[in-house]
Amino acid sequence: MKRSTLALSAATFSTLFLVGCTSNATTADGEGPIPVSSTADTCSVATNEAPSGTVSFTVTNDGNDVTEFYLLGEDGLRIVGEVENIGPGLSRDLVVLAAPGQYQTACKPGMVGDGIRADFTVTDSGADLTPSGPLAEQITAATTAYTAYAKDQAEQLVTDTDAFVAAYVAGDDDLARELYAETRMHWERIEPIAESFGDLDPKLDLREADLEPGQEWTGWHRIEKDLWPPAKGYTPLTQKQREEYSALLVADTAELLERVREIVITVDQLGNGAKELLDEVATGKVTGEEEIWSHTDLWDFQANLDGAKVMYDLLQPVVVQQDPELAAELDARFAELQALLDQYRTEDGFVYYDQLSKEQVKELAVAVDALGEPLSRLTTTVVSVS
Amino acid sequence: MTEDVRVTAENSSSRLSRRGFLAVAGAGGALAATGAVAVAARANNASAEASPAEQAYPFYGAHQAGITTPAQDHLHFAAFDLTTDSRARLISLLQAWTIAAAQMTQGQEAGQAGAFGGAYDAPPDDTGEAAGLPPSGLTITIGFGSSLFTTADGQDRFGLASQRPGALVDIPHFPADDLDPARSGGDLCVQACAHDPQVAVHAIRNLSRIAFGTAAIRWSQLGFGRTSSTSASQQTPRNMFGFKDGTANVKAEDTDVDSQVWVDPAEGPAWMTGGSYLVARRIQMTIETWDRTSLREQEAIIGRDKRAGAPLSGGTEFDEPDFNAKGRGNEPLVAETSHVRLAHPSSHQGVKMLRRGYNFTDGNDSLGRLDAGLFFLAYQQDPRTSFIPVQTALARSDALNEYIKHVGSALFAVPPGAADNRDFIGAALFDLGTAQ
């Protein structure tokens, strides 16, 4: 909140850590978060003034209705920051980066109407705040570009799935095995988007271990098991079954494309998506659980990493301005993980996962965690701009 | 054999208190002076500790201790497989365990000669590492797995198949279960809970030693940091996700203990009257990815405020969640897929379990991540109407599933308590089988 605090944080921690420190601080001398009490008819903000920089409020709902708290621009329209859905009796923190100027605070008990407003002044602390205008434009550009990327990947997925299915139905298992991992990469690159369709995800990507009793197993991994059958106790699918599962895969993938064409990506989805892709790697791929029959986990690994990198690259200009240290760390960690993965490239793609040694798997896991941790700060860094 | 054990029981009136050892030793005369001094020093340290350490819960009673007993801070849990087909040996084991458990829970040394007495050329009865330590609230709770009655291939090793309770089912496979057979099941279980981990470990160690030749440990689990309060006098602790856990737990003081925890006598079998069913699940948490998740998402997944433990619909920790409360966009404040909603009694015809779980961290995995999680322990009247439907709902939709994995599972019938040192845990089961 003070310039010195900001400088220290820039030297050692990211913005998020600063926020963490601030919100834990005590409020005795006005240094910590500003207490706000929201009731049915009052919105008492402990002070109507704060120095520019990171400004924190701890909003306590002392009323009986769900409430919201806003920091608005001088015009009373532009939302600088908000916390919503604060249940009665609960407290929640609002942390914003505020430039000097006039603002309004507003509590909105019952979440309707204009709210109970008051003027709020942010004095000039001398803290170096980046102007938000151009950044906001960069963010819009990033989300637009990502929406186009997701559509492109979904389209390629449809085309490649058709080719894969054709080989599988025709009984050309060698070709189908060859196409399997490459085709799935289009899915894995946009996995957080694809997974946001809760009904399509299990139809297309469910693993056998995750089946519910009575649930029919369809999709990629059903066919995977048929192409890389276990040595014992497996009954191959009949031609008729092959055709049925293939038709379902094609239809569900077409449906996916239709829906991806409709979506509008927001900046927080972009920031979270990158982190989720790394989580996918950390929990599914690095453990070798995703492709338990084909062992093509490294293709998925690469595709998840591609997807995360695309998201990050689009946001990178914003991160550079907001938190240059985070940007530098992310650039380095992405490069490190990619270099590690490149060691396992072969002519046809990658080494099969069951051929990696324990030490190699651990090395990958450690690099995934090293990237995942700073990547989890991406969303706050870019969302605080908009 | 049975008679031998009973003789021992009566002789055990000459009990050796771990704390009162010096007096006994003094009377006995010539023990190595240095050893006695060491014990005295430890005893003095222990006596300076707070009162929970001095707590001794009665072992004998209508119900086994360690269920509604206020949850202690440490756990050592072990599942055993019988290595014999002899019914007599099984009975002897249960008798010997009963006596040793009664001694240890009272802060006494196990066996007649204790940790330092007996023949000089024989190993001591008690392993000794708890000498000088107070009772530490130790409870020892013994249960029977379904394989005691019928093995997986249908064998009735001990003539007990007809006594298998209907509620002692085989737990179904839930979606995303990743169970390790080596961490699941077991013919017998022993739950040792204490305020001092050394006392809990000492209990399992001595009971497993007594069992050599009759039963061997199949798997065991150490737990630290209780994750449930079983008494209204206790603060709700936090699990490894950093959230208060088991707020809505059945507590010893609750009027519904009889209807939720203890077996309904009308349901039977008669030998289980006063008993309960224990579900044990080793739930691994991927805490590394959880720690990277925003507070907003963490709270949305659990359905509670992280700081205070209040439901997101508002109020304080012990207020009931209001699942109809809506927030922005008319979305429920407590999400449909949140843990608290899916697990809440109101979603399951009011059934509750008495949870008694512990946090665990068993070192790390081969990926350099902490092997951490929750060792879930829950006592209930009938798992068919409590754990199984609740876990079915959780396994299907719980938003938390992304961060947890069930890797071990077991269900045990926990018989009523033993009345006194002539009785033993599970005696009624055998009385019904053949006349004793």
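A few remarks follow.
- You will find that of B:Phe412, B:Phe387, the residue that is more than 14 Å from chain A (Cβ to nearest Cβ), under 28 Å from B:Ala335 (Cα atoms) and aromatic (Phe, Trp, Tyr) is B:Phe387 and no other.
- Test set (1) closer than 24 Å to B:Phe77 by Cβ; (2) acidic (Asp, Glu); (3) modelled with pLDDT under 95 - B:Asp319 fails condition number: (1)
- Contacts under 6 angstrom Cβ, first residue in the range B:328-353 being over 26 Å from B:Gln381 (Cα atoms) and facing another protein chain (nearest Cβ under 10 Å), partner among the hydrophobic types (A, V, I, L, M, F, W, C) and in a loop (DSSP other than H, G, I, E, B), 6 or more apart: B:Leu333/B:Leu312; B:Leu333/B:Ala325; B:Val334/B:Leu312; B:Val334/B:Phe323
- Hits in the range A:351-378 - residues which are part of a helix (DSSP H, G or I) and more than 10 Å from chain B (Cβ to nearest Cβ): A:Tyr353, A:Asp354, A:Gln355, A:Gln360, A:Ala367, A:Ala370, A:Leu371, A:Leu378
- The residues on offer are B:Asp319, B:Asp258, B:Asp291, B:Asp305, and the sole one that is away from chain A (no Cβ under 14 Å) and farther than 30 Å from B:Ala96 by Cβ is B:Asp258.
- Residue match in the range A:86-101 (condition: under 30 Å from B:Val334 (Cβ atoms), modelled with pLDDT under 95 and in contact with a Leu (Cβ under 6 Å, 6 or more places away or on another chain)): yes
- Segments classed as helices (runs of 4 or more DSSP H), wholly inside the range A:208-294, with at least 3 members that are away from chain B (no Cβ under 14 Å) and surrounded by 15 or more Cβ atoms within 10 Å (Cβ to Cβ): A:220-227, A:239-262
- Where B:Gly314 falls short, out of the listed (1) at the interface with chain A (Cβ under 9 Å from one of its Cβ atoms); (2) assigned to a helix (DSSP H, G or I): (2)
- So A:Gln102, is it touching a His at 6+ places or on another chain (Cβ under 6 Å) and either farther than 30 Å from A:Tyr312 by Cα or crowded, with 20+ Cβ neighbours inside 10 Å (or both): no
- Hits in the range B:258-296 - residues which are in a helix (DSSP H, G or I) and over 14 Å from B:Gln64 (Cβ atoms): B:Asp258, B:Ser259, B:Gln260, B:Ala270, B:Ile287, B:Glu288, B:Thr289, B:Trp290, B:Asp291, B:Leu295, B:Arg296
- Check on A:Gly20, modelled with pLDDT under 90 and small (Gly, Ala, Ser): yes
- Only one of the listed residues (B:Leu207, B:Leu179) is among the hydrophobic types (A, V, I, L, M, F, W, C) and more than 29 Å from B:Gln112 (Cβ to Cβ). That residue is B:Leu179.
- Only residues that are away from chain A (no Cβ under 14 Å) and touching a Ser or Thr at 6+ places or on another chain (Cβ under 7 Å) were counted in the range B:172-189, giving 3.
- The range B:158-171, residues that are more than 14 Å from chain A (Cβ to nearest Cβ) and charged (D, E, K, R): B:Arg164
- Residue in the range A:179-197 that is more than 21 Å from A:Trp299 (Cβ to Cβ), part of a helix (DSSP H, G or I) and assigned by TED's automatic domain parsing to the domain that holds A:Glu224 present: no
- Scanning the range B:151-175 for residues that are over 30 Å from A:Leu206 (Cα atoms) and loosely packed, with under 11 Cβ neighbours inside 10 Å yields B:Asp153, B:Gly154, B:Gly166.
- Within the range B:349-376, tally of residues that are under 19 Å from B:Val261 (Cα atoms), part of a loop (DSSP other than H, G, I, E, B) and touching a helix residue (DSSP H, G or I) at 6+ places or on another chain (Cβ under 8 Å): 3
- Hey, A:Ser376 at pLDDT below 95 and in contact with a strand residue (DSSP E or B) (Cβ under 8 Å, 6 or more places away or on another chain) or not: no
- Of the set (1) touching a Leu at 6+ places or on another chain (Cβ under 9 Å); (2) in contact (Cβ under 8 Å) with a residue 40 or more places away in the chain; (3) more than 11 Å from chain A (Cβ to nearest Cβ); (4) surrounded by 15 or more Cβ atoms within 10 Å (Cβ to Cβ), all apply to B:Ala270 but (4).
The values are calculated or read from the model by the stated rules, or taken from the named source; none is laboratory data. Small disclaimer: the values here were computed from a predicted structure and weren't measured. So basically every Cβ, Gly included, is an ideal-geometry build from the backbone, and we count neighbours across all protein chains shown.
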